[in-house]
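Before any comments, here is the structure.
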Amino acid sequence: MRTWRRESVLDLYNLALAAVLFFSPWLFKLTNSTGKMDIWASGAAIAAISLVAIAAYANWEEWANFALGLWLVASPWLLGFAHTRAMHFSIGVGVVVAFMAALELWLVYDGTHPAHQDQISPSTTPGPH
């Protein structure tokens, strides 16, 4: 069995958001059919990717969630359901999904790359003369 990564909690949050997205057309009675289908499909995709990321992490999963978050932000205008309740919901959840995916990518990168410590030689340090 695989050990738990501290960054996996962000995948759990994305999974919870995906569940809200998936059920939101019924929970919030979204009326725009294009918006409902987009939110439903995006929620299902985010849930599947988040489950895979929890089971076996790879960078592509977070990049895919990041892209899906950006898609949720842009899709109201691209699919023609701007100025609806579905638009507001899509943008709000899309921003959070993209942020959490980017945060996880950064945390993993920061954990695998040691901090860059600039070595300053004693001859170049300012000091009293």
Quiz prompt | Among Ala86, Ala115, Ala47, residue whose mean-square fluctuation peaks in a GNM of the chain (springs only between Cα atoms under 10 Å) | solution = Ala115
Quiz item: Most exposed first by the Cβ proxy, i.e. fewest other Cβ within 10 Å, how do Glu61, Glu7 rank?
Solution: Glu7, Glu61
Quiz item: For Thr34, Thr112, what's the fewest-to-most ordering of other Cβ within 10 Å of each Cβ?
Solution: Thr112, Thr34
Quiz item: Counting Lys +1, Arg +1, Asp -1, Glu -1, what net charge surrounds Glu61 among other residues with beta carbon under 14 Å of its beta carbon?
Solution: -3
Quiz item: For Leu78 and Val9 in one chain, what is 0.36 nm times their gap in residues minus the Cα-Cα distance, to one decimal in nm?
Solution: 21.7 nm
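For a footprinting-style exposure proxy, rank Ile46, Ile54 by other Cβ within 10 Å, fewest first.
Numbers: Ile46 26, Ile54 19.
Least crowded to most crowded, the residues run Ile54, Ile46.
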Exercise. Helix by helix through the chain, keep the DSSP H runs that span 18 Å or more along the axis on Cα and average at least 1.0 on Kyte-Doolittle, and give those back in order.
Key: 8-27, 33-55, 85-112
Self-check item: Stretchable slack from Ala56 to Lys29, in nm (0.36 nm times residue separation minus alpha-carbon distance)
Solution: 6.2 nm
Exercise. Using only Cα atoms, locate the centre of segment 48-112 and the centre of segment 20-38, then give the distance between them in Å, rounded to an integer.
Key: 17 Å
Quiz item: Based on DSSP H runs of at least 4 residues, each adding -39500 (n - 2.57), what is the mean residue ellipticity at 222 nm of the chain after dividing by all its residues, to the nearest 500 deg cm²/dmol?
Solution: -25000 deg cm²/dmol
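Could you size up the charge dipole of the chain around its Cα centre, putting +1 on the beta carbon of Lys and Arg and -1 on that of Asp and Glu, and report it in debye to the nearest 20?
460 debye
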Quiz item: Quick one: if the Förster radius is 25 Å, what FRET efficiency do Ala16 and Met37 give, using the C-beta to C-beta distance and rounding to 0.05?
Solution: 0.70
Self-check item: Cα-based Rg and Dmax for segment 1-115, where Dmax is the largest Cα-Cα distance (Å)
Solution: 14.7, 50
Quiz item: Among rounded, prolate and oblate, which fits segment 37-77 when a ≥ b ≥ c are the square roots of the eigenvalues of its C-alpha gyration tensor, a/c under 1.5 means rounded, and a/b larger than b/c means prolate?
Solution: oblate
Practice problem: Choose one answer from Asp110, Asp38, Asp11: the residue with the largest mean-square fluctuation in a GNM of the chain with alpha-carbon springs under 10 Å. | Solution: Asp110
Quiz item: All other residues with a Cβ under 11 Å from the Cβ of Leu51 taken together, and with Lys, Arg as +1 and Asp, Glu as -1, what is their net charge?
Solution: -2
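Since every read-out is calculated from the coordinates, none of them should be taken as a lab result. Since this is a predicted model, take the numbers as computed values, not measurements. Glycine also receives a Cβ, built like all others from the backbone with ideal geometry; neighbour counts cover every protein chain displayed.
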